[in-house]
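J.: Following this message is one structure expressed as structure tokens.
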Amino acid sequence: MNIAINTDILSSTGDPEMILRLIAEAGFTHLHWCHHWASDFAYCEYEWAHYESLFKKYNLLLLDIHGSANCEKCWWSPLEYCRKAGVLLVKNRAEMLARLGGSGSLMMHIPSLRYTFNEEQKNSMKKLFDQVRKSIDELLPDLEKLNVRLAIENNGNDTFEHIGILMKEYPADRVGITYDSGHGNAETCKGLDNLEQYKERLMALHLNDNSSVGDPHQPPFMGTVDWERVVSIIAASSYDKPLSFELSMRNTPFFKEENKMEQKEEDIQKFLADTYRRCAKVHALYEEKKKQISK
């Protein structure tokens with residue numbers, strides 16, 4: 001059973017070796033690389049070589065990489081020098097995906113329109129969205145050369161309006177969608193309806209749960225996400241990679257608040273064992289839906 005999980009279940013910085021070892025021991029086969037996703041951190045060959053050795057050591061395969069977001073070097077910045085620096089940061093992650101043999105996509109945030117936005121907020125986001133389009137135009141030759149795909153992620157309460165524009169403007173073999181089930185489950189959101197509309201452009205997954213409030217990235221069946229419908233749509237979509245989960249230990253019973261990021265190894269193991277069982281249950285539902293479709 002091939003299942004992917006994010007590398008930052010506990011922290012997105014530092015040497016990931018212990019977490020990779022525990023992820024492999026729990027039964028996960030693939031990685032959604034999510035280290036340094038919220039920073040301007042640029043990787044170099046020495047780091048790539050180290051991570052490659054760890055993947056081989058623990059028999060793990062790279063699936064997707066989460067590109068940088070919420071940082072100064074932003075590919076949608078209204079400041080041109082920051083936007084261009086952001087383009088270089090996206091290219092750095094694309095090179096990393098190709099260098100480490102990732103079989104999935106480079107997952108990227110964009111300035112999205114939300115159901116809760118007023119007109120002023122919408123106009124502001126639309127201006128920033130134009131910067132994203134400029135950046136994608138600049139990146140396309142490099143993406144072609146590296147054979148890397150961009151998968152645009154839905155944000156909380158996302159109307160999918162900007163995602164829809166990108167799906168019309170850019171080729172399906174180069175630009176698609178990352179569906180975050182937690183973001184799509186936000187209160188007043190129509191995440192699964194929107195995913196249904198664009199399921200033929202689904203490239204990557206951030207599967208996680210919540211109770212329609214906040215963004216805790218909980219394991220499946222801890223919240224209110226409709227997993228039956230989620231897997232039904234994925235099974236009928238263009239998605240053809242291992243199911244991939246983006247989860248946090250922090251918002252589960254296994255996290256010891258008094259220890260902060262210094263969680264005991266045995267507690268991390270318990271979290272991953274419980275999480276794997278929950279993810280395997282989603283995988284079983286997914287396989288059943290695929291069988292029903294193929295009949």
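None of the figures in this text is laboratory data; all of them are computed from the coordinates on show. Note that this is a predicted model, so its numbers are computed, not measured. Ideal geometry is used to build each Cβ from the backbone, glycine not excepted, and the neighbour counts take in all protein chains shown.
J.: What's the center-to-center distance, using Cα atoms, between segment 177-191 and segment 211-259 in Å?
T.: Each part's Cα centre sits 11 Å from the other's.
J.: Restricting the count to DSSP beta bridges whose residues both fall in the chain, what percent are antiparallel, rounded to a multiple of 5?
T.: In the chain, DSSP labels about 10 percent of beta bridges as antiparallel.
J.: Please list, in order along segment 215-226, the HN-Hα scalar couplings obtained from phi with the Karplus expression 6.51 cos²θ - 1.76 cosθ + 1.60 (θ = phi - 60°), rounded to whole Hz, x for Gly and Pro.
T.: So the Karplus estimates, Gly and Pro as x, are 9, x, 6, 7, x, x, 6, 9, x, 10, 4, 7 Hz.
J.: Need the list of lysines near Lys84 for cross-linking: C-alpha distance under 23 angstrom, and skip anything on the same chain fewer than eight residues off.
T.: Lys73, Lys126, Lys127, Lys134, Lys145
J.: In addition: What number results when the radius of gyration of segment 222-285, computed over Cα atoms, is divided by 2.2 N^0.38 Å?
T.: Segment 222-285 yields a ratio of 1.35.
J.: Further question on the same structure: Counting other beta carbons within 10 Å of each Cβ, put Tyr46, Tyr239 in order, fewest first.
T.: Tyr46, Tyr239
J.: Please check which bits of segment 204-230 a label hung off Met1 would reach, taking the label as a point 7 Å along Cα-to-C-beta and the cut-off as backbone N under 13 Å.
T.: The answer is 220, whose backbone nitrogens lie closer than 13 Å to the label point.
J.: On to the next question. Assigning unit charges at the beta carbon (Lys, Arg +1; Asp, Glu -1) and nothing else, what dipole magnitude in debye, to the nearest 20, does the chain show about its Cα centre?
T.: 620
J.: Compactness ratio of segment 1-96: Cα Rg over 2.2 N^0.38 Å, N = residue count?
T.: Normalised by 2.2 N^0.38 Å, the Cα Rg of segment 1-96 equals 1.15.
J.: Right, something else. In what order do Val213, Val90 fall by count of nearby beta-carbon atoms within 10 Å, going from fewest to most?
T.: Val213, Val90
J.: Also, I was wondering about something else. Tell me what the chain gives for mean residue ellipticity at 222 nm when only DSSP H runs of n ≥ 4 count, each as -39,500 (n - 2.57), the sum divided by the residue total, rounded to 500 deg cm²/dmol.
T.: Numbers: 8 runs with 126 residues, N = 295.
-14000 deg cm²/dmol, from helical runs alone.
J.: Provide the FRET efficiency to the nearest 0.05 for the Asp173-Glu52 pair, computing r from the beta carbons and using R0 = 22 Å.
T.: 0.25
J.: Over the chain, what is the relative contact order in percent, taking alpha-carbon pairs closer than 8 angstrom and at least six residues apart?
T.: So the answer I get is 17 percent.
J.: Given 0.36 nm per residue, what is the gain on full extension from Arg277 to Asp40 after removing their alpha carbon distance, in nm?
T.: Gain on extension, Arg277 to Asp40, equals 81.9 nm.
J.: Per residue, how big is the convex hull of the chain when only Cα atoms are used? Give it in Å³.
T.: In the chain, the Cα hull volume divided by residue count equals 129 Å³.
J.: To continue, here is another question. Exposure proxy check: Trp227, Trp37 ranked by fewest other beta carbons within 10 Å?
T.: Exposure proxy ranking, most exposed first: Trp227, Trp37.
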